[in-house]
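A.B. asks: Here it is, the structure in full.
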Amino acid sequence: MKPASFLCALIAAAAFLVFPAGAFAHRVTLFAWVEGDTVHTESKYPDGTRVREGLIRVLDREGRELLQGKTNERGEFSFPIPRREDLRIVLEAGMGHRADWPLTREELGGAGPPPSSPAPAQAPATAPAAFSTAELEQALEKALDRKLAPVVKLLSELHEPRLRIADIVGGLGWIIGLAGLAAWMKQRR
Amino acid sequence: MHLSEGVLSGPVLVAGAALAAAGTAVGLKRLDPDRIARTAMLAGAFFVASLVHVPLGPASVHLVLNGLVGLLLGWPAFPAIVVGLVLQAVFFQFGGLTTLGVNTLIMALPAVIGYGLFSRFLQSGRAAALAAAFACGFLAVLLGGVLVGLALSFTEEHFFNVAVAVILAHLPVAVVEGVVTALCVGFLRRVQPGLLPGRPPAEVP
């Protein structure tokens, strides 16, 4: 069975080339999170390579473009929140590579009261030692953002699908099964 | 080379699916029962090849092997590539099920064209066969790039810029593909010449 051994050699070569790097290509992932008034995005190829010069477009619910920008060397792009409503962030890494990430109104803090405007007016009225509700909220949010940053990072890494050997073996099994089916059908004719 | 979902407009998807279905029908019709195993083998090679990762510049590209599949199969390259693409979409999230037709066309049509142009040289001298194999692998990817540009041009405005960018981006991959295809054909010529087209099937052991 020389053809079969040829195929085996090919698969072995493929496995050898691929797995040490843990890498596979041709799909981009986009991850976005909110920190205060800024939205941060991170764009990667599945092997962890950062998408450089990728186009990030921010769309509103009707699909109108609010702003756009390019990712930097490390695949990051940050922008101030343009509007506190449901947004969609789209990454176009060229040649049909595309990913998107929805940001809901709640994530952007659109559900709560406008955070900063009442605070300065209220502050002098209260006792100097006490914080106003708005200030407290702001301080809490800041602290939470800072504390949660590593968690968010970790989530962004978990978000990427990894290549699994089971998938490859499963796919090859499907091909063998289909070949058997085709042979059986041709024979019946 | 796999176009993702949500990039192309509806009519392009439908047209691609229709043409791919026609090609697959022709391929299945011409599929000699004796060659089913070979077709499946190449479908498997195609399925796995997309995992072979070649870092080139800022982007990461992978082998396509559509030139090799076409060269060894002819029209049955269509069903082989459809099966490979379905499995890649399901298991690896390459491309997608709605873009399946377009992606099939992008990879299988150049494969069949490569077969028509180059398969006749594979039984001639070693140098000619290797050159033909290189050309087939090279051209299959490059033509695929042209088709990608064409498909994108119906969605994006600057057709010329897009097409040029896509073709330039595919050039290095095309060279790699050409070399891999030539290596495979050189290997098969030594080990299993009956697998190469241009010989009567009776000689296949």
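The values are calculated or read from the model by the stated rules, or taken from the named source; none is laboratory data. What you see is a predicted model; the values in this text were computed from it and never measured. All Cβ positions, glycine included, derive from the backbone under ideal geometry; neighbour counts span all protein chains shown.
A.B. asks: Which residue is farthest from B:MET107 (Cα to Cα), if the candidates are limited to the stretch B:164-192 and must be away from chain A (no Cβ under 11 Å) and free of Cβ contacts under 8 Å to residues at least 40 places away in the same chain? Can you show your working first?
C.D. replies: Residues of the stretch B:164-192 away from chain A (no Cβ under 11 Å): B:164, B:171-172, B:174-179, B:181-182, B:185-186, B:189.
From the residues that got through so far, the ones that are free of Cβ contacts under 8 Å to residues at least 40 places away in the same chain too are B:164, B:171, B:174-175.
On the way: B:VAL164: 18, B:LEU171: 15, B:ALA174: 13, B:VAL175: 16 Å.
Within the stretch B:164-192, the match that is farthest from B:MET107 (Cα to Cα) is B:VAL164.
A.B. asks: Might you let me know whether the stretch B:128-137 holds any residue that is within 12 Å of chain A (Cβ to nearest Cβ), among the aliphatic types (A, V, I, L, M), crowded, with 22+ Cβ neighbours inside 10 Å and more than 14 Å from the chain's Cα centre (by Cα)? Break it down into steps so the answer makes sense when it comes.
C.D. replies: So in the stretch B:128-137, the residues within 12 Å of chain A (Cβ to nearest Cβ) come out as none.
No, the stretch B:128-137 contains no residue that is within 12 Å of chain A (Cβ to nearest Cβ), among the aliphatic types (A, V, I, L, M), crowded, with 22+ Cβ neighbours inside 10 Å and more than 14 Å from the chain's Cα centre (by Cα).
A.B. asks: Another one. With the condition being within 10 Å of another protein chain (Cβ to nearest Cβ) and touching a Gly at 6+ places or on another chain (Cβ under 6 Å), I'd like the helices (runs of 4 or more DSSP H) fully within the stretch B:1-120 carrying at least 2 qualifying residues. Break it down stepwise before answering.
C.D. replies: On the way: elements: B:10-29, B:36-49, B:66-73, B:77-92, B:100-118.
Fully inside the stretch B:1-120 and qualifying: B:36-49, B:77-92, B:100-118.
A.B. asks: Hey, does the stretch B:142-154 have a residue that's part of a loop (DSSP other than H, G, I, E, B), surrounded by fewer than 16 Cβ atoms within 10 Å (Cβ to Cβ), in contact (Cβ under 8 Å) with a residue 12 or more places away in the chain and not basic (Lys, Arg)? Give the steps one after another, and end with the answer.
C.D. replies: Of all residues in the stretch B:142-154, those part of a loop (DSSP other than H, G, I, E, B) come to B:154.
Then drop every residue that is not surrounded by fewer than 16 Cβ atoms within 10 Å (Cβ to Cβ), which leaves B:154.
Checking the rest, the ones that are also in contact (Cβ under 8 Å) with a residue 12 or more places away in the chain come to B:154.
Checking the rest, the ones that are also not basic (Lys, Arg) come to B:154.
Checked the stretch B:142-154: at least one residue is part of a loop (DSSP other than H, G, I, E, B), surrounded by fewer than 16 Cβ atoms within 10 Å (Cβ to Cβ), in contact (Cβ under 8 Å) with a residue 12 or more places away in the chain and not basic (Lys, Arg).
A.B. asks: Report whether or not B:GLY44 is at pLDDT 90 or above and in contact with a Cys (Cβ under 7 Å, 6 or more places away or on another chain). Lay out the reasoning, then the answer.
C.D. replies: On the way: at pLDDT 90 or above: yes; in contact with a Cys (Cβ under 7 Å, 6 or more places away or on another chain): no.
Taking the combined requirement at face value, the residue does not satisfy it.
A.B. asks: Right, next: Considering each residue of the stretch A:84-104, count those that are without any contact (Cβ under 8 Å) to a residue 24 or more places away in the chain and in a loop (DSSP other than H, G, I, E, B), and give that number. Full working, then the answer.
C.D. replies: Quick first cut of the stretch A:84-104, residues without any contact (Cβ under 8 Å) to a residue 24 or more places away in the chain only: A:95-96, A:102, A:104.
Then keep just the ones that are in a loop (DSSP other than H, G, I, E, B); that gives A:95-96, A:104.
Result for the stretch A:84-104: 3.
A.B. asks: Exactly one of these conditions fails for A:PRO128: (1) in a helix (DSSP H, G or I); (2) modelled with pLDDT of 50 or more; (3) over 28 Å from A:ASP60 (Cβ atoms). Give me its number.
C.D. replies: (1)
For every residue, the table says whether it meets (1) in a strand (DSSP E or B); (2) at pLDDT below 85.
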residue	(1), (2)
A:ALA4	no, yes
A:ALA9	no, yes
A:ALA25	no, yes
A:PHE31	yes, yes
A:GLU53	no, yes
A:GLY63	no, yes
A:PHE77	yes, no
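A.B. asks: Filter the stretch B:75-93 down to the residues that are touching a Lys or Arg at 6+ places or on another chain (Cβ under 7 Å) and surrounded by fewer than 24 Cβ atoms within 10 Å (Cβ to Cβ), then identify the one that is farthest from A:HIS97 (Cα to Cα).
C.D. replies: Of all residues in the stretch B:75-93, those touching a Lys or Arg at 6+ places or on another chain (Cβ under 7 Å) come to B:75-76, B:93.
Narrowing further to those that are surrounded by fewer than 24 Cβ atoms within 10 Å (Cβ to Cβ): B:75, B:93.
Working: B:TRP75: 29, B:GLN93: 12 Å.
Among them, the one singled out is B:TRP75.
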